[in-house]
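First the structure, in the form of structure tokens, and then the observations on it.
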Amino acid sequence: MPSALTLSTPIAAARAPRPEPFRARLAVYAGPAEPPLVDELQDDDAVALVEALCDAVGERSPLPAPAVREVVENLVHASFRDAVVSVLDGGHTVRVSDHGPGIADPARALMPGFTAAGAEARAIVRGVGGGLPLAHEMMAAAEGRLDIADNIGGGTAVTLSIPAPGGPAAEPVCSETAREILALLLEIANATPAQLAEELGRSRSECGRELALLQHRGLVAREPSGPRRLTEAGAALVATLF
């Protein structure tokens, strides 16, 4: 009897069952003299863990959500080894650290086109040298900073910070994926990122990135249980897009 042929792809490898789930800690600092409140998040799916971390930061920080997402997604390169996402200064500073392979040349990491992403990481994140440069540009537009440093004991710590009270006004929505998300939410009222990705035939990471941008612009809101819905501003904008 002929044996079954199993094809190995980067996405299949990234989604293959793991002996241990991916883990990351979320540390929220209420004040400089107080210990942080620490919560451990875990998931067998790296994309789902990135979503959970971004949602948790978005609930506590006015930082540009797409910039946060680009940096949090880089934890995939470190396989979430000792991953910690710290929220400080009332949410005006977010630090993402790990004990992964590190970034040998931080200056190059902020230039488009340079990447150390392997095949498995590229199946989940942008992986073409666009993530950190994009986050750096968004932070600069918000009159903030993105700093890369070596973590203690190896790995990387990326710090995003903006001065209070926050960044500039949002730009208009323009991407085709964002238009499709807004139209679908108008039709079905609310949906999770996974449901939107399935309905639109797009990746969860792409939908998550666009949702973060739409939420930052005040066009989409997150329900307490996780689904997204249009805000009044989002519903008004849909009428002008189609």
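Consider Glu73 against the criteria (1) closer than 21 Å to Arg222 by Cα; (2) crowded, with 23+ Cβ neighbours inside 10 Å; (3) in contact with a strand residue (DSSP E or B) (Cβ under 8 Å, 6 or more places away or on another chain): it satisfies all of them except one. Which criterion is unmet?
So Glu73 meets the others, but not (3).
State all residues of the stretch 80-98 that are under 15 Å from the mean Cα position of the chain (by Cα) and among the hydroxyl-bearing types (Ser, Thr, Tyr); if no residue qualifies, say none. Walk me through it before giving the result.
Narrowing the stretch 80-98 to residues under 15 Å from the mean Cα position of the chain (by Cα): 80, 83-87, 94-97.
Matches in the stretch 80-98: Ser86, Ser97.
Can you find a residue that is closer than 20 Å to Leu63 by Cα, assigned by TED's automatic domain parsing to the domain that holds Leu237, without any contact (Cβ under 8 Å) to a residue 60 or more places away in the chain and among the hydrophobic types (A, V, I, L, M, F, W, C) anywhere in the stretch 184-207?
Filtering the stretch 184-207 for residues closer than 20 Å to Leu63 by Cα gives 205-207.
Adding the requirement that they be assigned by TED's automatic domain parsing to the domain that holds Leu237 leaves 205-207.
Applying the additional criterion that residues be without any contact (Cβ under 8 Å) to a residue 60 or more places away in the chain yields 206-207.
Those left that are additionally among the hydrophobic types (A, V, I, L, M, F, W, C): 207.
Yes, the stretch 184-207 has at least one match.
Looking at this structure, is Asp55 at pLDDT 90 or above, outside the structural domain of Arg209 (by TED's automatic domain parsing), among the acidic types (Asp, Glu) and assigned to a helix (DSSP H, G or I)? If you could, list the steps in order and put the result at the bottom.
Values: at pLDDT 90 or above: yes; outside the structural domain of Arg209 (by TED's automatic domain parsing): yes; among the acidic types (Asp, Glu): yes; assigned to a helix (DSSP H, G or I): yes.
It is true that Asp55 is at pLDDT 90 or above, outside the structural domain of Arg209 (by TED's automatic domain parsing), among the acidic types (Asp, Glu) and assigned to a helix (DSSP H, G or I).
Just checking, which of Ser79, Ser61 is touching a His at 6+ places or on another chain (Cβ under 8 Å) and free of Cβ contacts under 8 Å to residues at least 60 places away in the same chain?
Details: Ser79 fails: touching a His at 6+ places or on another chain (Cβ under 8 Å).
Just a single option satisfies the conditions, and that option is Ser61.
Looking only at the stretch 28-47, filter to residues that are surrounded by fewer than 17 Cβ atoms within 10 Å (Cβ to Cβ) and among the hydrophobic types (A, V, I, L, M, F, W, C); which one of those is farthest from His77 (Cα to Cα)?
Ala33
Could you please tell me which pairs satisfy a Cβ distance under 6 Å, a separation of 6+ or placement on different chains, a first residue in the stretch 212-224 that is within 19 Å of Val50 (Cβ to Cβ), and a second residue that is assigned to a helix (DSSP H, G or I) and basic (Lys, Arg)?
From residues that are within 19 Å of Val50 (Cβ to Cβ), the pairs are Ala212/Arg69.
Taking the condition modelled with pLDDT under 90, assigned to a loop (DSSP other than H, G, I, E, B) and not β-branched (Val, Ile, Thr), does Ala107 pass? Before you say what the answer is, go through the steps one by one.
Values: modelled with pLDDT under 90: yes; assigned to a loop (DSSP other than H, G, I, E, B): no; not β-branched (Val, Ile, Thr): yes.
Against the criterion (modelled with pLDDT under 90, assigned to a loop (DSSP other than H, G, I, E, B) and not β-branched (Val, Ile, Thr)), Ala107 does not qualify.
Test Pro101 against the criterion of being surrounded by fewer than 20 Cβ atoms within 10 Å (Cβ to Cβ), under 28 Å from Val38 (Cβ atoms) and modelled with pLDDT of 80 or more, and give yes or no. Break it down into steps so the answer makes sense when it comes.
Working: surrounded by fewer than 20 Cβ atoms within 10 Å (Cβ to Cβ): yes; under 28 Å from Val38 (Cβ atoms): yes; modelled with pLDDT of 80 or more: yes.
Spelling it out, Pro101 is indeed surrounded by fewer than 20 Cβ atoms within 10 Å (Cβ to Cβ), under 28 Å from Val38 (Cβ atoms) and modelled with pLDDT of 80 or more.
Could you tell me whether any residue of the stretch 154-166 is surrounded by fewer than 16 Cβ atoms within 10 Å (Cβ to Cβ), modelled with pLDDT of 90 or more and not assigned by TED's automatic domain parsing to the domain that holds Ser225? Walk me through how you get there before you give the answer.
So the first thing to find is which residues in the stretch 154-166 are surrounded by fewer than 16 Cβ atoms within 10 Å (Cβ to Cβ), and the list is 154, 163-166.
Adding the requirement that they be modelled with pLDDT of 90 or more leaves 154.
Going one step further and asking which of them are not assigned by TED's automatic domain parsing to the domain that holds Ser225, we end up with 154.
Scanning the stretch 154-166 turns up at least one residue that is surrounded by fewer than 16 Cβ atoms within 10 Å (Cβ to Cβ), modelled with pLDDT of 90 or more and not assigned by TED's automatic domain parsing to the domain that holds Ser225.
The values are calculated or read from the model by the stated rules, or taken from the named source; none is laboratory data. Because the structure is predicted, anything quoted here is derived from the model rather than measured. With ideal geometry, Cβ positions are generated from the backbone for all residues, glycine too; neighbour counts draw on all protein chains shown.
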